[in-house]
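The values are calculated or read from the model by the stated rules, or taken from the named source; none is laboratory data. Since we're looking at a predicted model, the values are computed, not measured. Cβ sites come from the backbone with ideal geometry, for glycine too, and all protein chains shown count toward neighbours. To get the accessible areas, we keep the full protein, side chains included, count just its heavy atoms, and leave off ligands, DNA and RNA. Shrake-Rupley method; radii C 1.70, N 1.55, O 1.52, S 1.80 Å.
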Amino acid sequence: MNCLTCLQPLPEGHYIQHHSSCLETLFGSSTLNIELAADRRALTQSLPSFASGYSIAGVQMKCHLTINDGGLNLADVGGTFILKPSPERYPFAAENEHASMVLMRNLGFDVPPCSLLSLGDGHKVFVIRRFDRTTDGKKIHQEDAMQALGASNLRSENKYTAASYQVVLELAIKHGGLPSGLELFRRLVFSYLIGNDDHHMKNIAFVKQPFRLAPVYDVLASSLFSNSPLSSTMALSFLTHGEPEYLQQMGNGFYSGGDFVQLAEAAGLDAPVARETILNLVAKIKAEAPKTVQTSLMPPDMKDHYLDLVKRRARFVELLDLG
């Protein structure tokens, strides 16, 4: 059996589904009562009435989670954790998101402590510590890309249309310097490689004082739940004006590494650095994804589709030049 937090093997005869050290890192205690509900139905019926979310086509429920009286409690507001059960339409979304976040952490990305929790019937839910709260619940000021750019949030589709990745990268570079821009660029390449086609403006955030890119959140291989799983588009357009060259000229629906280099240059990043970043990330994900995905709690067919998608996209991302 593997730990539901780190996905590494548990000691033989270990009757708890987490390493004690993993529970300590996530919740600050290894003796916390982490029981939530007997099954998914009981959990969803006990969720706060406003609980909602938009991670997958606007249907993923989420709610706050607090620690009180030595246990976990669902809450309307003020939680230091976010809990997400898998939507009925998208089974194993929680396992998918957890595997994606563990993979990102294994590749060196800034990922908040997160885990799967098991309900009484074995159903798994995803829980993650909020990066915009201190351990005692105080707010840490942050803005998503829409807020930082002053874009209107009145229409849900604006998070996909209000700006391009070029504009968001330019924002990161302007206020956080080249390191922030390069880190965001690296996240965009990763999202494409795993099929995270919902990397929209509200899924990119910045922490102020000092200005920096916020930790990773809301990342999963969402294209595996799409009606068109072979679709290779991303949530935002790459460039402010026009499409990148490979996508435009080849007409096969895939972005190449050269398209990402073109995006980097347009936003003000150095092309050789962008190329090196791409190749390093592709090499690392090709080595790490099979290990992480195979130890995950996703069902076998989802594991296979996940790895096939990464392999297919990596071939295109390794194409750094049209010639």
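A few points about this structure:
- Neighbours by Cβ (under 6 Å, 6+ apart or cross-chain): first from the range 199-215, more than 21 Å from Leu154 (Cβ to Cβ) and assigned by the TED database to the domain that holds Ala235; second assigned to a strand (DSSP E or B) and of a type in the set (A, V, I, L, M): Ala214/Ala205; Ala214/Val207
- Close pairs (9 angstrom Cβ cut-off, 6 or more residues apart or separate chains): open to solvent by 60 Å² or more (accessible area, probe 1.4 Å) in the range 63-79, at pLDDT 90 or above and part of a loop (DSSP other than H, G, I, E, B) anywhere: Ile67/Gly28; Ile67/Ser29; Ile67/Leu32; Ile67/Thr80
- Those helices (runs of 4 or more DSSP H) of the range 85-166 in which 3 or more residues are crowded, with 16+ Cβ neighbours inside 10 Å and not assigned by the TED database to the domain that holds Leu263 occupy 93-106.
- Any hit, the range 224-245, residues being over 19 Å from Ser164 (Cα atoms) and crowded, with 19+ Cβ neighbours inside 10 Å: yes
Here's the yes/no breakdown for (1) at pLDDT below 85; (2) under 20 Å from Asp132 (Cβ atoms); (3) assigned to a loop (DSSP other than H, G, I, E, B):
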{"residue": "Leu4", "(1), (2), (3)": "no, no, yes"}
{"residue": "Leu7", "(1), (2), (3)": "no, no, yes"}
{"residue": "His14", "(1), (2), (3)": "yes, no, yes"}
{"residue": "Ser21", "(1), (2), (3)": "no, no, no"}
{"residue": "Ser29", "(1), (2), (3)": "no, no, yes"}
{"residue": "Ile56", "(1), (2), (3)": "yes, no, yes"}
{"residue": "Ile67", "(1), (2), (3)": "no, yes, no"}
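- For the range 167-186, a residue qualifies if it is acidic (Asp, Glu) and either out of contact with any Asp or Glu (no Cβ under 9 Å at 6 or more places or on another chain) or open to solvent by less than 40 Å² (accessible area, probe 1.4 Å) (or both), and exactly one does: Glu170.
- Lone unmet requirement of (1) in contact (Cβ under 8 Å) with a residue 60 or more places away in the chain; (2) assigned to a loop (DSSP other than H, G, I, E, B) for Phe185: (2)
Yes/no per residue for (1) touching a residue at least 60 places away in the same chain (Cβ under 8 Å); (2) of a type in the set (Asp, Glu); (3) within 27 Å of Ala93 (Cα to Cα):
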{"position": "His241", "(1), (2), (3)": "no, no, no"}
{"position": "Val261", "(1), (2), (3)": "no, no, no"}
{"position": "Ala283", "(1), (2), (3)": "no, no, yes"}
{"position": "Glu288", "(1), (2), (3)": "yes, yes, yes"}
{"position": "Val293", "(1), (2), (3)": "yes, no, yes"}
{"position": "Leu297", "(1), (2), (3)": "yes, no, yes"}
{"position": "Asp301", "(1), (2), (3)": "no, yes, yes"}
{"position": "Tyr306", "(1), (2), (3)": "yes, no, yes"}
{"position": "Ala314", "(1), (2), (3)": "yes, no, yes"}
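So that you can scan it fast, the table gives a plain yes or no per residue for (1) under 21 Å from Asn196 (Cα atoms); (2) in contact with a Gly (Cβ under 9 Å, 6 or more places away or on another chain); (3) without any contact (Cβ under 8 Å) to a residue 60 or more places away in the chain:
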| site | (1), (2), (3) |
| --- | --- |
| Glu97 | yes, no, no |
| Ser100 | yes, no, no |
| Val111 | yes, no, no |
| Asp121 | no, no, no |
| Arg129 | yes, no, no |
| Asp136 | no, no, yes |
